[in-house]
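One structure below.
The values are calculated or read from the model by the stated rules, or taken from the named source; none is laboratory data. Computed from a prediction, not measured in an experiment: that's the story for all the values here. Neighbour counts run over all protein chains shown; Cβ positions are idealised from the backbone, glycine included. Heads up: the accessible areas ignore ligands, DNA and RNA and are worked out on the full protein's heavy atoms, side chains in. Shrake-Rupley method; radii C 1.70, N 1.55, O 1.52, S 1.80 Å.
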Amino acid sequence: MASPSRRLQTKPVITCFKSVLLIYTFIFWITGVILLAVGIWGKYAMFLTLIFLVELVAAIVGFVFRHEIKNSFKNNYEKAVKQYNATGDYRSDAVDKIQSMLHCCGVTNYRDWKDTNYYSEKGFPESCCKLEDCSPQRDADKVNNEGCFIMVMTIIESEMGVIAGISFGVACFQLIGIFLAYCLSRAITNNQYEIV
């Protein structure tokens, strides 16, 4: 059985995937109903093809620019650590959640905190603690040593197979939908001429 921290990491990811797929399916259902009411199935097949091509281009761009995405995440995380405060702004909350869930501290390691204003005033944040409810202040032995950037990238890269598999499955269903919409359009067009 997976450790509690591992389950906490995958549960939000699965919930997010479910939500995205539900919204995605709902949008296509609504679009199909509208186009059925209007009666333009050939246009629906073209619409589905256009959506498929946009998704394909987005996947290719994401793959090609994956290193830039990593660098952007690292730069933004470094900025969030440097501007960290315990007053509850969304960046500081994100840093705390990442550090507490992944049991990590700083960007590359715990020493990243030593260059921040927060460390000079209060020491390490509580989210860096190895144990719950500790006040590490400036004691490096009480905080996690590993940096969060490496941990986040490891998790993302380990889940890429699942993401690719889900994307491939969705793409197959879209291609089937495009084919069936085209067949229906052809059948409707042929039947209109036979009625006369």
Quick one: would you say residue 122 is under 13 Å from residue 142 (Cβ atoms) and at pLDDT below 85? no
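Quick check on this structure: which one of 52, 73 is of a type in the set (Phe, Trp, Tyr), within 30 Å of residue 183 (Cα to Cα) and at pLDDT below 90? Give the steps one after another, and end with the answer.
Values: 73 fails: within 30 Å of residue 183 (Cα to Cα).
One residue alone meets the criteria, 52.
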Inspect all residues belonging to segment 160-181 and state whether any of them is in a helix (DSSP H, G or I) and touching a Pro at 6+ places or on another chain (Cβ under 8 Å). no
In this structure, does residue 122 turn out to be more than 23 Å from residue 72 (Cβ to Cβ), in contact with a Lys or Arg (Cβ under 7 Å, 6 or more places away or on another chain) and open to solvent by 70 Å² or more (accessible area, probe 1.4 Å)? no
Pick from 157, 194, 146: which is modelled with pLDDT under 75 and open to solvent by 30 Å² or more (accessible area, probe 1.4 Å)? 194
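Suppose the filter is farther than 27 Å from residue 52 by Cα and either out of contact with any Gly (no Cβ under 6 Å at 6 or more places or on another chain) or not small (Gly, Ala, Ser) (or both); does residue 157 pass it?
Working: farther than 27 Å from residue 52 by Cα: no; either out of contact with any Gly (no Cβ under 6 Å at 6 or more places or on another chain) or not small (Gly, Ala, Ser) (or both): yes.
Considered against the rule, which asks whether it is farther than 27 Å from residue 52 by Cα and either out of contact with any Gly (no Cβ under 6 Å at 6 or more places or on another chain) or not small (Gly, Ala, Ser) (or both), residue 157 comes out as no.
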Are any of the residues in segment 29-38 open to solvent by less than 60 Å² (accessible area, probe 1.4 Å), within 30 Å of residue 185 (Cα to Cα) and at pLDDT below 70? yes
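Might you let me know whether segment 182-190 holds any residue that is among the basic types (Lys, Arg) and surrounded by 15 or more Cβ atoms within 10 Å (Cβ to Cβ)?
Looking only at segment 182-190, we keep the residues that are among the basic types (Lys, Arg), and these are 186.
Imposing the further condition that a residue be surrounded by 15 or more Cβ atoms within 10 Å (Cβ to Cβ) reduces the set to none.
There is no residue in segment 182-190 that is among the basic types (Lys, Arg) and surrounded by 15 or more Cβ atoms within 10 Å (Cβ to Cβ).
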Note: among 164, 140, just one is open to solvent by 40 Å² or more (accessible area, probe 1.4 Å) and of a type in the set (Gly, Ala, Ser), namely 164
What's the total number of residues in segment 57-87 that are in contact (Cβ under 8 Å) with a residue 24 or more places away in the chain, in a helix (DSSP H, G or I) and open to solvent by less than 90 Å² (accessible area, probe 1.4 Å)? 7
